[in-house]
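This report refers to the structure that appears directly beneath it.
The values are calculated or read from the model by the stated rules, or taken from the named source; none is laboratory data. Only a predicted model underlies this, so the values are computations on that prediction, with no experimental measurement involved. As a convention, Cβ positions derive from the backbone with ideal geometry for all residues, glycine included, and neighbour counts pool all protein chains shown. Please note that ligands, DNA and RNA were not included when accessible areas were found on the heavy atoms of the full protein model with its side chains. Shrake-Rupley method; radii C 1.70, N 1.55, O 1.52, S 1.80 Å.
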Amino acid sequence: MDIFKILYTVFFFICIAISVTIIFHIIRYSYNKAATVLMLIVFIVVTSTLLFANSVLFSSMKLEKVLPIDSINNLIDSKNQDDKPWKTPF
Amino acid sequence: MINLGKLHFRDIGKQERVIRVIHRHWFDIFKQFIIIFAGTAFLVWGFFSLPDLISDFLPKLENTNTYAIVFFIESTFALILWLYASLIWIDYHLDIWVITTERIINVEQKGVFVRQVSELKLSKIQDVTTKVGGVIPTILNYGNVYVQTAGQETRFVFRHIPDPYHTKSEIMKLQKQALQRSTQRLGEMVREGSMNM
């Protein structure tokens, strides 16, 4: 399950990076103060809500129940045992 | 009121006034938002329909974990849609054309990290051309305005702006006024010079 956590962490930070880029553009280049404030509020509220909900849903998932990771691991282990020229006594 | 200082130009002149700030026509961004609307409709449909579909057709998978995975996928899709929509909006909102009494300023956000700012003095304009092509642009009255200067410089383009004919007339009128003012200033300088002699 670590690989999924790593992949999700990468995805999460990509989303943060895109969000920071958008906020930077709004603050730096927008020419109307009222529009800038409104856009910032809407964007930050919606993005943080979506990111929070997404991370909560990810942590509530039990991927090991859906994906047969244990049986795949057992298969790999048993194949490795068969490939050895000697057999372990136990 | 537009803050010309934010557009990273030299100081605005004392006599200079902003006449108009132009964005691209709303239909231009609407075309890009069609895919966002379709994605949102799919999301809403999925939120209400997928749990019922799973219980009807995949009863063996019906448990809390399955719903958590379905909602996680929907949430990820919603996040990606939102960020994509925000990028489209930023691209639209930061593309502006500013017409003042002295010059035309073109601010074009060509990508996330590509931004082009250029200006053109009204007195240097040689030709202004309007182009409205297609059924929808004709009905909604939006198109391009091309401003050509003397020499071999590339022309200024107002891309997909509303009411391009009015913008063209406005530019021509302001250009004549700018030429008159520069002629007057030249006359005053000549008079001052002759008086001093």
B:TYR84 being assigned to a helix (DSSP H, G or I) and within 30 Å of A:LEU40 (Cα to Cα): yes
From the list B:SER169, B:SER194, B:SER182, pick out the single residue that is more than 21 Å from the chain's Cα centre (by Cα), surrounded by 12 or more Cβ atoms within 10 Å (Cβ to Cβ), in a helix (DSSP H, G or I) and not aromatic (Phe, Trp, Tyr). B:SER182
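I'm trying to understand the selection: among the residues of segment B:105-117, which are open to solvent by less than 30 Å² (accessible area, probe 1.4 Å) and in a strand (DSSP E or B)?
Within segment B:105-117, B:ILE105, B:ASN106, B:VAL107, B:GLU108, B:GLN109 qualify.
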Looking at segment B:122-142, can you tell me whether even one residue there is under 17 Å from the mean Cα position of the chain (by Cα), small (Gly, Ala, Ser) and open to solvent by less than 60 Å² (accessible area, probe 1.4 Å)? no
